[in-house]
Amino acid sequence: MLLSILHHAWLSFRRAHYFSRGVGIRVLIGFVVLSLFWYMFLIGSALPGILQNLFPDKQPLDVMLSYLLFLYASDLSLRLFSQPVPRQGVAPYLHLPVKRSRLAALTLFRSWFSPYNVYLLALLVPFFMRTLYHPVSPQAFWFMILGCLLLSGLSHSLGLFLKTYGKRNALSLTLFALALVLIIVVGWVFQDLLMVFSGKFGQALLEGNTWVFLGMGIAIAGIQPLIRKNMEAGFYGLGSQGSTRVATSGRLGKLFHRIPFWGPFWELEWKLLMRNKRSRQNLLQAPLMIPLILYLIIYSPAGSLTAMTPFILMAIGSYGFIHLQYVFSWESRFFDFVATRDLDLKSLIRAKYVFYALLAVLQFILLTPFVLIWKPEAYPFLAGVFLYAIGPVYCILFYAGLGNSTRIDPNQRAFFNFEGTSGTLFFIIILIFASTIPLYIAGSLIPLESPLGFSLAAGVTGLAFLAATPAWTADVFRRFQRKKYRNLSKYREK
């Protein structure tokens with residue numbers, strides 16, 4: 001049975017309509033992932049010297065051990081928001097004499113073969129090679145590596161348990177967000193005590209303390225049956241939540257509908273976001289961009305602030321930067337409706353732009369008081385990058401979307417899903433980053449300090465594109481009209 005299910009999973013993947021498309025982009029993404037691991041290895045090799053310079057009165061190993069638990073707490077947070085639960089197509093097996101427990105156990109077993117369980121070793125192995133293997137002993141090195149693997153396993157188990165426990169709704173997600181904020185606040189207040197505890201815990205690992213290893217192993221083993229039961233219980237919920245989600249767009253959707261002119265288009269967009277798994281998961285993870293932006297802005301030295309532009313550009317673009325990469329492909333499953341109904345497509349396209357621009361504005365408003373309080377001198381830079389993101393960047397994404405005629409299923413998972421991705425789309429993102437080069441040149445010619453000159457160039461360019469929004473959205477509409485039937489033919493392909 002196990003081999004049959006694995007064979008079925010391979011056939012499902014191999015026969016997918018998007019399998020033969022974008023082979024080049026898969027190779028390119030694989031190269032990027034390997035490059036990231038290589039850079040993590042280089043950082044881990046250089047980390048002892050970096051920590052020695054930052055903390056001259058401490059040993060690099062002691063500094064790492066005091067932050068070890070913080071590192072794996074960050075790993076758990078990353079898993080909660082980005083690591084997908086392995087999916088098993090159980091519907092075809094539910095009418096067969098196959099035990100649900102075996103299906104759940106197989107799914108749980110597959111979940112352990114994930115890059116999330118080993119990626120930190122690319123950073124930690126070279127670090128501990130330099131600080132443990134030769135200076136202390138090879139035995140201490142292997143004890144520490146084993147401890148890190150168990151910490152990854154514990155993080156993996158906790159993440160899966162939390163993601164498979166119960167039914168996720170607005171109330172549970174709100175409570176989870178509040179609990180996460182509370183944990184972060186408590187961790188910040190008691191940071192010194194937690195660092196001392198982390199240091200002692202790390203010391204116990206490198207000494208090979210049997211009880212510490214045994215405790216982590218028992219915790220991991222004890223969580224596995226709970227995860228399996230959660231997965232097994234989820235099999236019976238297949239298709240049980242369709243009617244209520246389709247019948248209404250919620251209170252916010254009704255509020256959108258009351259807005260004159262733009263309202264019906266925004267309600268339609270909101271339904272698309274909330275009724276499909278892929279777009280909904282991306283939207284729920286968008287708030288994570290706020291602490292990322294604050295970290296980059298506050299802790300980056302003034303001289304290197306402009307070097308953070310590509311990262312801040314993706315984050316300050318809010319949800320729109322991710323979603324608009326497939327701006328005209330999200331409706332590919334419903335494109336017969338869009339193409340044949342008497343819709344005002346020009347207004348629909350313009351409403352899409354305004355909708356995602358307003359989401360970015362909301363994020364920028366939330367960021368404003370924190371930046372003005374903690375680092376007010378960086379606010380002009382943030383404002384300039386924001387205007388550039390919702391102006392030229394969104395414009396490039398709309399034009400690029402005209403040629404992205406690959407069909408996608410918006411109800412599939414959000415992460416490591418290459419459906420709809422193409423080599424052209426990848427190079428469009430590179431083009432967006434490269435488009436900031438003229439801003440650096442213009443900023444250097446303006447007789448202002450480094451961030452201010454760049455900020456002024458980015459802000460003026462963004463305002464110019466915002467002022468020209470009616471013109472370029474009308475041009476996008478005309479091009480869309482000429483290509484919609486060709487795209488419709490592509491969307492119907494399997």
Note on the range 173-186: residues at pLDDT 75 or above and either more than 29 Å from the chain's Cα centre (by Cα) or open to solvent by less than 80 Å² (accessible area, probe 1.4 Å) (or both) are Val186
From the option list Gly159, Gly208, Gly215, Gly202, single residue qualifying as at pLDDT 80 or above and in contact with a Phe, Trp or Tyr (Cβ under 8 Å, 6 or more places away or on another chain) is Gly208
Members of the range 271-280 found to be of a type outside the set (Lys, Arg) and either open to solvent by 60 Å² or more (accessible area, probe 1.4 Å) or over 20 Å from Lys346 (Cβ atoms) (or both), listed by number:
Leu273, Met274, Asn276, Ser279
Restricting to the range 419-441, and then to whatever is among the small types (Gly, Ala, Ser) and modelled with pLDDT under 80, can you tell me which residue is nearest to the chain's Cα centre (by Cα)?
Gly420
Do we find that Val361 is within 20 Å of Ile290 (Cα to Cα), part of a helix (DSSP H, G or I) and at pLDDT below 90 in this structure?
no
Close pairs (6 angstrom Cβ cut-off, 6 or more residues apart or separate chains): within 13 Å of Gly320 (Cα to Cα) in the range 337-366, at pLDDT below 90 and acidic (Asp, Glu) anywhere
Phe355/Glu269
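Residue by residue, here is whether (1) at pLDDT below 85; (2) surrounded by 14 or more Cβ atoms within 10 Å (Cβ to Cβ) holds:
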residue	(1), (2)
Arg333	yes, yes
Asp342	yes, no
Phe355	no, yes
Ile365	no, no
Ile396	no, yes
Arg413	yes, yes
Gly443	yes, yes
Total residues in the range 308-331, condition open to solvent by 10 Å² or more (accessible area, probe 1.4 Å) and part of a helix (DSSP H, G or I)
8
I'd like the residue in the range 223-233 that is open to solvent by less than 40 Å² (accessible area, probe 1.4 Å) and not aliphatic (A, V, I, L, M) and, out of all such residues, is modelled with the highest pLDDT.
Gln224
Which residue is farthest from Ser152 (Cα to Cα), if the candidates are limited to the range 110-125 and must be in a helix (DSSP H, G or I) and touching a Pro at 6+ places or on another chain (Cβ under 9 Å)?
Arg110
Quick one: in the range 244-261, of everything that is surrounded by 10 or more Cβ atoms within 10 Å (Cβ to Cβ), part of a loop (DSSP other than H, G, I, E, B) and of a type outside the set (A, V, I, L, M, F, W, C), which residue is modelled with the lowest pLDDT?
Thr248
When you scan the range 75-86, do you find a residue that is modelled with pLDDT of 85 or more and either under 30 Å from Trp188 (Cβ atoms) or not aromatic (Phe, Trp, Tyr) (or both), even just one?
yes
Filter the range 288-300 for residues that are touching a residue at least 40 places away in the same chain (Cβ under 8 Å) and closer than 21 Å to His323 by Cβ; which is least open to solvent (accessible area, probe 1.4 Å)?
Ile293
Note on Lys58: of the conditions (1) at pLDDT 85 or above; (2) part of a helix (DSSP H, G or I), unmet is (2)
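The values are calculated or read from the model by the stated rules, or taken from the named source; none is laboratory data. Since we're looking at a predicted model, the values are computed, not measured. Positions of Cβ are generated from backbone atoms using ideal geometry, with glycine treated the same way; all protein chains shown enter the neighbour counts. The protein model used for the area step is the full one, side chains on, heavy atoms only, and it has no ligands, DNA or RNA in it. Shrake-Rupley method; radii C 1.70, N 1.55, O 1.52, S 1.80 Å.
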